[in-house]
Every structure is written in C-alpha cells, then in structure tokens.
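One structure below.
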Amino acid sequence: MNEIAELLQKDARLTPEDIASMLNKTVAEVRDKIRQMEDDGTIVKYCAIINEEKLTKQKDKVVAFIEIQVQPEREKGFDALAERIYQFPQVTSLYLMSGRYDLLAVVEGDNLKDVAFFVSDKLSTLDNVKSTTTHFLLKKYKENGTMLYKQSKLERLNVAL
Amino acid sequence: MSRFNNRIEQMPPSGIRKFFDLVLDAKDIISLGVGEPDFVTPWHVRERVFFSLEQGRTSYTSNWGLMELRRETAKYLKDRFAVSYDAEQIMITVGVSEAVDIALRTILNEGDEVILPEPTYVCYRPLAELAGAKAVAVSNPSFKITADDIEKAVTPRSRVIILSYPSNPTGYTIARAEIEKIAEIARKHDLWIISDEIYAELTYEKEHYSIAAAPGMKDRVILLNGFSKAFAMTGWRLGYIAASDDFLEQAVKIHQYAALCAPIMAQYAALESLQRGMGEMEEMKKSYWRRRNYMFEALNKIGMTVERPEGAFYIFPSIECSKLSSEEFALGLLEKQRVAVIPGNVFGLGGEGRVRICYAIDFELLKESVARMERFIKSL
C-alpha cells in the first residue's frame, strides 16, 4: 500500500500538511495523491469506528452473520446473486467465502424479529439460495484492527535519559 | 571515616535533580523527555514468553546466555551490519547498561583515560570513574566528532575511545569515512573502542556502519547492542557484548559474579524478536522516521533550529532564540506550557544551548507540544 493511504487508514483526520511533513513530500503532492485516490475509488470514504455499546440508544440493534449456500449461475458465477443480496440496506457487509458455504452476509436489524423476517422473507426465498445459517452477534471486541475496549493507559516515566 | 565508598560518595548527584523530580511528579504534562519507544513490545514476543513460562523455563541460563540466542544474535549482526562474530563471541547481558559497566571494568586500570565524545548518554562518565579512570570529554560544534578531535585528546594514559552512534541525545551519526579514520587512530595509539550501537537499527537514510566492520578492528572493538530500542523492549533489560575471545574471557568473570546471567524470560523474548520480529521492527522504525521528518520541519519553523537527525528518536535543537540557558528553558517550558524536555547540559560538553526532545510519542501530542513550545518562545 502507498504510504499516504496507510497513514489515512490509521487516522483519517491527518491533514495533508501533516502527511506532507511526515513523508518529506510537498502539500500539493499529497493533496493531488489523495484526490486521485478518492477519484479512482482507492479511498472509498472516511468514517469513524464507533463502539456502539457506548452510544445511548433507544433500543439495541441486532447484528447477525448469515452463512448462505447458493447455486452459482452459468456465466455469472456468484456475482449476480451477490448483487441482489448486497442491495438490501440491511446487509452491511457481504463476502464470498471458501469452505462449506459461499456467501457471508452481515445483517443489521432493530430487533431479532426484524433480522429473522429478513432472512426468511427476503434472503432464503431468492432463487439460487439453497440454505442459510444465522449467527447472532453477542459482543464485538475488535473491529477493523481497532480494539474497542482500550486497555488502561500504560504508565510511562516522564523522564528517562 | 565515611560509611560509604569514596568514589561513590564523591560522584556528584545529577546537577538538575530538582528539575527531574519536578518532571517526575508532574501530572498532565506532555513529556518529550522519555528515552524509550512508545510501542509496547509486540504481542508475538509477549506471547512467546507466556509459552516459555508455561513450559517452566524459569531457571538460570549459562553465564553467557542461551546458545540459541547467541547464535541468532551473531547471525543478526552479520545480516544487518556485516560484522562477523561467532556465537561464542557473544555474551548476553542485563541491558547495554550492564555491558558498558563490564566493558569499562574489564579494560581500565587506575588512572587510565577514557576519550568520551560529548554530548552523550549519561552513563559512560560515572561508570568510567567508578572503574578508577578519568573521562576526557571531546566535542565538536557540529556534534559530529572527527578523528582529529579524538587524536588531540590522546595521551600516554589513553586507553579507550567510547563511540555511541546514532547518538542519544543528538540523533546524529558518523560517516563511514570518518569511522575508518577513527579506527586508524585506535590502531596507531593502541586503543580499545567501546562502540555502543543500541540505536544502530534506527538509522534512517543511510546504512549504519559499525566500527567493528572496519578492517583490522575486531580485536580492539567491544561492540555493545541490545533489544530495548529497535524492538521496543526497554523493560526486559536485555543487551549483549560482541568482542574478541580474550576480552570475553576476562569480562565473563564480572558478569558471572555480578549478574550470573540475564533473565531467561527476557532471553526468550529476544530470541522471538530476532526470529520473527523484523517486520514489526521495520514498521516501528517507519513510524519514528515519519515523526522525525515532522519534528525536524516543525522545530525549524518555530525558530528552534537544528540539522536533520539521522537516527535514534531524538532531536537536539538549539534554543538560542530564547536567550535562556537549557535549564531555564526546560523549567520555563514545564511551568508555563506543561511540556517536558531535557536540558542539553545534562549530556556534557557542548550540550548547553540545546534541549533533547524525544519524538517517540503520539503524533497528536507531538503536534500539540510544538504549538506549546512556539507559544512559550513567543511569550519570552
């Protein structure tokens, strides 16, 4: 990965000025490179990683990981069906997997019933979906390389020669 | 009749003890005074040590250290710095600190002189004095000591030259050509070299050149290195000496009686770092390099002028713009802006007029510290 993307992936709030000075580049160079990556889809978007358990919410959201076995279609493989699935706003992530099932969908709903309804009504009724297995998420420990529960701050001496 | 050893008693306490106590007790400050990485030892290293403890590896090791670790260390030195030692020529020590003490006590006699380029890390002078020798400081306004500077200090009592590059506190290193000239002087005057290369791995634009790699030097160089800085392992206290057989034959006596061996847990941690830790080490190094770049530019912008450091994680800017002494600067900055830096005079000859800044801290805090230093300078 290029170094600018690497830095932004760790901290999207770094300014072009910061990055330029860290990498011995000019600010214009960094701005251009960022714009180019935004244009060509290398940088998809900027967002915050939220530990949702810390949000005060009206009601708990439910997240499920759904294993989907499918019948691939001639000439289109898995892609056509995948598109039909990921267009649903309830599906927050979708991956094609090796192993005992084919697609792994991450589905969010307001409650259990919501997700169950989505699976039984929308997902399993799609042509070429052979079976589904639904796992409900209980707790997130780490997401996108970030530990959601920070260990207590480490004590360092203020002075060490 | 005193109750204490004369040499210890006569050794002055650090002149700015009061300042350090103030910093140590301070809460809610940004400290640029820490001489260690801001990374925790990588997980795979810590995890390997859990495993070694589960296996019950809690015994002494040989005085020399684990053979496997000595072998890996010899291989590492050859791969990274092109210096060849046999595994038998490596002695594992309790940090480089113990190694410095052992090296000095092994070669020094009462009244010998130690040629010490300053400003430098603070342990060499007192340890040389404890060994009965006299430290002779040499300095260069550019902080890059030359062979000429060193030769001018040579007397019939000179016994050893201490080199410590990349340098704490300056971050500078010495070019290969100059190192070779210094090697020539050591040969000409029959001097030892103690080369503390703890920051060797953290050399940014060029390759680190060890004086042990200079032709004909292996029998006079006592090469010291360790795991604290590059592998983020300060608290494990693990270093090593690579040197000639005859030197080690003497040196091991001190280590055997004073330390017995380095802790076995730390030795397993070091082994893991050498075997599987190079990738993470390179990542950490890259992150220091980025912050070095930032800091070099930022300090010059606010009038704390400095040449670009070449290694370690320190920068040693001039504070001339403040018209203050380094102690006044550090104290004022701490009191008015809650930022701690180390006054340059602590590091000996040539250090006055500068402060040492360690940039191995969180980037946001680093930026904030620069803003506060700028405010401090403007307020004067």
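Using Cβ point charges alone (K and R +1, D and E -1), the dipole size of the protein assembly as shown about the Cα centre works out to roughly 860 debye. Note on the range B:58-277: along the principal axes its Cα atoms extend 50, 41, 30 Å, ordered by decreasing extent. Straight-line cross-link reach from B:Lys152 at under 21 Å between alpha-carbon atoms covers these lysines, not counting any fewer than eight positions away in the same chain: B:Lys134, B:Lys144, B:Lys181, B:Lys188.
Simple spin-label estimate for B:Gln250 and B:Val40 gives 4.4 nm between the two label positions (7 Å along the Cα-to-Cβ direction from each Cα).
Plainly put, the range B:61-112 has a radius of gyration that is 1.06 times its Kirkwood radius, both from alpha-carbon atoms, as the Rg/Rh ratio.
For B:Arg57, the amide hydrogen comes within under 5 Å of no other amide hydrogen, counting only partners 5 or more places away or on other chains and with H modelled in the peptide plane.
Of all stretches in chain B that contain no GluC sites (Glu not before Pro) in a DSSP loop with at most 15 other Cβ atoms within 10 Å, the longest one is B:208-380.
Restricting attention to the range B:1-86, which chymotrypsin sites (Phe, Trp or Tyr not before Pro) occupy a DSSP loop and are surrounded by at most 10 other Cβ atoms within 10 Å? Show your work: numbers first, answer last.
Numbers: sites: B:Phe4, B:Phe19, B:Phe20, B:Phe39, B:Trp43, B:Phe50, B:Phe51, B:Tyr60, B:Trp64, B:Tyr76, B:Phe81, B:Tyr85; in loops: B:Phe4, B:Phe39, B:Tyr60, B:Trp64, B:Tyr85.
Those satisfying the criteria are B:Phe4, B:Tyr60.
Using only side-chain charges placed at the Cβ, +1 for Lys and Arg and -1 for Asp and Glu, the dipole size of the range B:58-277 relative to its Cα centre rounds to 180 debye.
If R0 is 25 Å, the Cβ-Cβ spacing of B:Met278 and B:Ala87 corresponds to a FRET efficiency of close to 0.85. The three principal axes of the Cα atoms in chain B give end-to-end lengths of 58, 54, 51 Å, sorted in falling order.
For chain A, state the average projected area of the convex hull of the C-alpha atoms over all orientations, rounded to one decimal in nm².
Working: hull surface 59.9 nm².
Spelled out: convex hull of the Cα atoms, projected over all directions, averaged, 15.0 nm².
Note: relative contact order over chain B, using C-alpha pairs below 8 Å and six or more positions apart, is 24 percent. With N as its number of residues, the protein assembly as shown has a Cα radius of gyration that, divided by 2.2 N^0.38 Å, comes to 1.19. Computed from backbone phi with θ = phi - 60° and the Karplus coefficients 6.51, -1.76 and 1.60, the 3J(HN,Hα) list for the range B:303-316 is x, 8, 6, 6, 7, 5, x, 9, x, 6, 10, 10, 9, 10 Hz; x is used for glycine and proline. A simple rule links phi to the HN-Hα coupling: the Karplus curve 6.51 cos²θ - 1.76 cosθ + 1.60 with θ = phi - 60°, which for the range B:5-10 gives 4, 4, 5, 5, 5, 7 Hz, with x for Gly and Pro.
No value in this document is a laboratory result; all are computed from the given coordinates. Fair warning: this is a prediction, and the values are worked out from it, not measured in the lab. Here Cβ is always computed from backbone atoms with ideal geometry, including for glycine, and neighbour counts include all displayed protein chains.
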